[in-house]
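S.K.: Below are the structure tokens for one structure; questions will follow.
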Amino acid sequence: MSFTFDEKSLIEKIVLGDTDAENRLFLHFKERIEFLVRARLRNKVPTDDQKDIISDARQAILLSLRKGGFDPAKGKPLEAYIAGIVSNVVALYFRNLTKSKPTEDIDKHRKLESFSNPLIEILDYEKQEIIRSSLASLNDKYKEVLLLRIYEEQSIEEIAKTVGLEKRRVSERINYALKLLVKELKKKNYFQFSDTFNK
């Protein structure tokens, strides 16, 4: 694939926070990224999920480039670097999918008033700062459904209407968002005083 721009110069600008350079990058690789995602999914994933994964891949690529993860001096083409990130994002999606339990009855199993539910502890006032910072680190689409579910106590049906998704998709997104949130909380040692999540 021939490039219409100088990779080295473009990457240097992205590292410096040049949003125009970021836009040029994704304009150039838009179709390629979408093709790579769909090729790896092999039509096994619903269209809505494909869009989410493409969005996640774009975000992962951008975050990696901003942190200087790509070094043109190593001789690896930018396209190959991007393909590697896409492959990792898709692999992560399938790993999380196989670990997930059916979520159609999430309302029944995750009721906020249940004293055995770990969300009760998450809502503990003394730990709100940890929760807030962990939520802030999540992608907006995951943060939104958690805020609606936990803090506004909306039902799956209500959230589905708010975000414009099917109830099944909302349940799946909440389930995945909870996994991401717990992962962030563990990084901050949130559960060090609780035996609930010890393994």
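The values are calculated or read from the model by the stated rules, or taken from the named source; none is laboratory data. In this text the structure is predicted, and so the values were computed from the model without any measurement. Virtual Cβ from ideal backbone geometry, glycine too; neighbours counted across all protein chains shown.
S.K.: Can you tell me which condition Ser87 does not meet? The list is (1) part of a helix (DSSP H, G or I); (2) within 21 Å of Glu172 (Cα to Cα); (3) in contact with a Leu (Cβ under 9 Å, 6 or more places away or on another chain), and all the others hold.
M.R.: (2)
S.K.: Separate question: Anything in the range 19-35 that is among the basic types (Lys, Arg) and in contact (Cβ under 8 Å) with a residue 12 or more places away in the chain? List them, or say none.
M.R.: Scanning the range 19-35 gives Arg24, Arg32.
S.K.: While we're here: Given the residues Leu147, Leu135, which is the only one that is in a helix (DSSP H, G or I), modelled with pLDDT under 85 and in contact with a helix residue (DSSP H, G or I) (Cβ under 6 Å, 6 or more places away or on another chain)? Steps first, answer last, please.
M.R.: Numbers: Leu147 fails: in contact with a helix residue (DSSP H, G or I) (Cβ under 6 Å, 6 or more places away or on another chain).
Criteria check complete, one pass: Leu135.
S.K.: Taking the range 23-82 as the search range and keeping residues that are closer than 23 Å to Lys8 by Cβ and β-branched (Val, Ile, Thr), which one is surrounded by the most Cβ atoms within 10 Å (Cβ to Cβ)?
M.R.: Filtering the range 23-82 for residues that are closer than 23 Å to Lys8 by Cβ and β-branched (Val, Ile, Thr), the one surrounded by the most Cβ atoms within 10 Å (Cβ to Cβ) comes out as Ile61.
S.K.: Quick one: Leu185 ticks every box in (1) under 24 Å from Leu63 (Cβ atoms); (2) among the aliphatic types (A, V, I, L, M); (3) out of contact with any Ser or Thr (no Cβ under 8 Å at 6 or more places or on another chain); (4) surrounded by 19 or more Cβ atoms within 10 Å (Cβ to Cβ) bar one, so which box is it?
M.R.: Status for Leu185: all satisfied but (3).
S.K.: Do you know which residues across the range 145-163 are surrounded by fewer than 17 Cβ atoms within 10 Å (Cβ to Cβ) and under 18 Å from the mean Cα position of the chain (by Cα)? Talk me through it step by step, then tell me what you get.
M.R.: First, the residues of the range 145-163 that are surrounded by fewer than 17 Cβ atoms within 10 Å (Cβ to Cβ): 147, 151-153, 155, 157-158, 161-163.
Once the filter is applied, which keeps residues that are surrounded by fewer than 17 Cβ atoms within 10 Å (Cβ to Cβ) and under 18 Å from the mean Cα position of the chain (by Cα), the range 145-163 yields Leu147, Val163.
S.K.: While we're here: Can you tell me which of (1) crowded, with 17+ Cβ neighbours inside 10 Å; (2) modelled with pLDDT of 50 or more is the one Thr103 doesn't meet?
M.R.: For Thr103, the failing item is (2).
S.K.: Could you please let me know if Asn88 is exposed (fewer than 14 other Cβ atoms within 10 Å of the Cβ) and free of Cβ contacts under 8 Å to residues at least 12 places away in the same chain? Spell out the reasoning first.
M.R.: Working: exposed (fewer than 14 other Cβ atoms within 10 Å of the Cβ): yes; free of Cβ contacts under 8 Å to residues at least 12 places away in the same chain: no.
Criteria not met by Asn88.
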